[in-house]
Amino acid sequence: MTMRLWSVVACLMVLVTDVGPAGAEPQFLAKQYNRCSSCHYSASGGGLLTPYGRSLSGQELATTRRVNSQPARDGFVSGEEEFLFGTPGDHLGPVHLGISLLPSHLHFKSGTFSDGRNLLMNADIEGAYRGHGWTAYGEAGRMPPLGNTAATLYSREHWVSYESTRGVGIKVGRYMPAYGIHFADHTSFNRADLGFDKYDQVYGIEVSRASERSLLQLSASPGRAESIVNDDGGRSFNTTARLQVDVSPNVVVVGSGLYRDESTLKARHGAAGAAVGLARWRRLTVWTEGDADIRGSGGGTSFVLVNETAVEAFRGVWLKVSPQGRTGTDLVPGVFRWNMGASLLPRTHINLNLDLYVDRAEGSDESFKTFLAQLHVYL
Amino acid sequence: MNDKRNGRRRLAIVGVAALTTWLIANDNSAAQTGAWTATTGDVRVTCPLTVGGSFEARTTALKGTLSVDPGTTALAGELSVVLRTLDTGIALRNHHMLDNYLEVEKNADFETAVLSHIDVGALAFGAADGRSRFTGRLRLHGTTQPVAGQATLRRHGSSVHVEASFPVRISDYGIADPRYLGVGVKNEVTVRVVFFANPASQDR
């Protein structure tokens, strides 16, 4: 297989029909939000927004701001930011719901080869109950067709957690293990290449310790959830650890490690990495993460470097540039990527993301270009 | 003749020495007993969140004049901050902090935070650099409470660089528990103040 063809295939495997949950937005470090848990039920970010997160999206982050003057029940947002614009009223009781739709347009080109398609990336319903330190969380949605596999109904995450008043927590269920920076783009090299892509949730247990200045998350699992459910031979013990230290509300340092035992499909491997988040100016956030991806059985070691620099050009308009690279091994060539994008939040519930990816494999003269437009409707 | 010249020379030397001593003593006492004006202030209040992490409310609107009383470690005068200048980085959080909790519109007394009756211990006696515990009284939200923390002084020419921090328990000042849609600020926040103190005569 020629290098060019290999790079095309590799990029297609990553991007084509790629769908993923609405991820976290670590760019909000510029707003002094150094923890995902301020706005999301999951401490790792992404998924259902808390009432606080919903309120923020409408009253502070969106370009057109609506000041919410309506009184709300304690712990519930009201008005336009509510689930389905408040249509259910009080009928949901203490349960919070969200619907996430992600219609997208994808166009890619490499040399004379080009193609494009429209697809519905996400169609999920998310729900959570939180009280007395307990959180029950679940998502259900449509897994798009992949290859010859038809679209199916599936649940990406479902878990129960408890966190004490001292910040000690435990979570059991299906979830994405905490590692590095959980960028919204699941194809980021520190996610997809390290096994934290859209279908890489695990069934496991996570213990955590949150304090004012740090967050420690330790996870152990008998294997990847899809491998357990489908018995595809990819099941193996894995464990991750992530420690975040908030040097200040605008400066964060993260250290991570993971180990995955060998399976029928993959050799034993592990990774270790460090990341720094800087937001010394109100509108600029810079995240940089470096990881060593160590593969057993002679698979070699790759080094991954991801930078994401995001600037809020105007309220609700974020511009992003993300250079990323992965060094090659004897078996796999290295890849370098430029990702340039814009994220527009004109109003609560509506988020438009535009991204251009330019990937070049080591030894290849040609680039693989992908344009992705996503309209995230979050109800 | 030589005796007279030598005598005048000795008198001149003594006179110069006396004058020099007097000038040095007056300069020291001016520094020790004169007024110092706070400039180039930076105030940061670190607010830990109940969901983990924290944010800072920041302002540079620090002003005040302090004087050293000879023979005591107490500083006369006060430092004040106009609370409406505090900025948390987002408008919604500013609005809640200033209007719902600090209630700066309630009356004039709620508009500022004032630190007075500052006692910096041995640092008041003109030590060039040093770190010491300090005490004071903080008036906030219409209530005055004693505070204590750590202060570091470093001399820069004729100015003194001051860095101080102290904890504040919100509930001690009658401020309601800050909480919005499940996200709250913990009861104890940390105030950090950095400024240059210049001799008041230098500012004229």
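The values are calculated or read from the model by the stated rules, or taken from the named source; none is laboratory data. This one's a predicted model, so the numbers in the text were calculated from it and none came from an experiment. Using ideal geometry, Cβ is built from the backbone for each residue, glycine included, and neighbour counts are taken over all protein chains shown. When the accessible area is computed, the model is the full protein with side chains, heavy atoms only, and any ligands, DNA or RNA have been set aside. Shrake-Rupley method; radii C 1.70, N 1.55, O 1.52, S 1.80 Å.
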Among the numbered conditions (1) open to solvent by less than 60 Å² (accessible area, probe 1.4 Å); (2) under 23 Å from the mean Cα position of the chain (by Cα), tell me where A:GLY328 comes up short. (2)
Inter-residue pairs, beta-carbon under 8 Å, first within 14 Å of chain B (Cβ to nearest Cβ) and in segment A:200-214, second open to solvent by 70 Å² or more (accessible area, probe 1.4 Å) and charged (D, E, K, R), 6+ apart: A:SER208/A:GLU163; A:ALA210/A:GLU163; A:GLU212/B:LYS186
Neighbours by Cβ (under 7 Å, 6+ apart or cross-chain): first from segment B:175-203, under 29 Å from A:SER57 (Cα atoms) and in a loop (DSSP other than H, G, I, E, B); second modelled with pLDDT of 90 or more and basic (Lys, Arg): B:ASN187/B:ARG169
If you check B:VAL191 against the conditions, is it open to solvent by less than 60 Å² (accessible area, probe 1.4 Å), within 12 Å of another protein chain (Cβ to nearest Cβ) and closer than 27 Å to B:HIS96 by Cβ? no
Any residue at all in segment A:281-298 that is in contact with a Lys or Arg (Cβ under 8 Å, 6 or more places away or on another chain), in contact (Cβ under 8 Å) with a residue 60 or more places away in the chain, surrounded by 18 or more Cβ atoms within 10 Å (Cβ to Cβ) and within 14 Å of another protein chain (Cβ to nearest Cβ)? no
Assess whether B:THR85 counts as being closer than 18 Å to B:ARG44 by Cβ and touching a strand residue (DSSP E or B) at 6+ places or on another chain (Cβ under 9 Å). yes
Given (1) closer than 19 Å to B:GLY41 by Cβ; (2) modelled with pLDDT of 95 or more; (3) among the hydrophobic types (A, V, I, L, M, F, W, C), identify the lone condition not met by B:ALA151. (2)
Would it be correct to say that B:THR88 is farther than 19 Å from B:VAL147 by Cα, touching an Asp or Glu at 6+ places or on another chain (Cβ under 9 Å) and either among the aromatic types (Phe, Trp, Tyr) or touching a residue at least 24 places away in the same chain (Cβ under 8 Å) (or both)? yes
Can A:SER219 be described as under 21 Å from the mean Cα position of the chain (by Cα), small (Gly, Ala, Ser) and within 14 Å of another protein chain (Cβ to nearest Cβ)? no
Can you find a residue that is within 30 Å of A:ARG283 (Cβ to Cβ), in contact with a helix residue (DSSP H, G or I) (Cβ under 8 Å, 6 or more places away or on another chain) and away from chain A (no Cβ under 13 Å) anywhere in segment B:125-137? no
Please count how many residues of segment A:87-106 are in contact with a His (Cβ under 9 Å, 6 or more places away or on another chain), closer than 14 Å to A:ALA140 by Cα and open to solvent by less than 30 Å² (accessible area, probe 1.4 Å). 1
One residue is enough: does segment A:260-275 have a residue meeting the conditions touching a residue at least 24 places away in the same chain (Cβ under 8 Å) and within 14 Å of chain B (Cβ to nearest Cβ)? no
Working carefully through the options A:GLU312, A:GLU289, find the one that is more than 20 Å from A:GLN217 (Cβ to Cβ), at pLDDT 90 or above and of a type in the set (Asp, Glu). A:GLU312
Output the number of residues of segment A:112-125 satisfying the condition of being open to solvent by 30 Å² or more (accessible area, probe 1.4 Å), in contact (Cβ under 8 Å) with a residue 24 or more places away in the chain and farther than 21 Å from A:LEU354 by Cβ. 2
Can you tell me which residue within segment A:163-199, out of those that are within 14 Å of chain B (Cβ to nearest Cβ) and open to solvent by less than 20 Å² (accessible area, probe 1.4 Å), is nearest to A:TRP318 (Cα to Cα)? A:ALA178
Answer yes or no as to whether B:ARG133 is part of a strand (DSSP E or B), under 18 Å from B:VAL45 (Cα atoms) and charged (D, E, K, R). no
Can you report the number of residues in segment A:22-55 which are at the interface with chain B (Cβ under 7 Å from one of its Cβ atoms) and either assigned to a helix (DSSP H, G or I) or not β-branched (Val, Ile, Thr) (or both)? 9
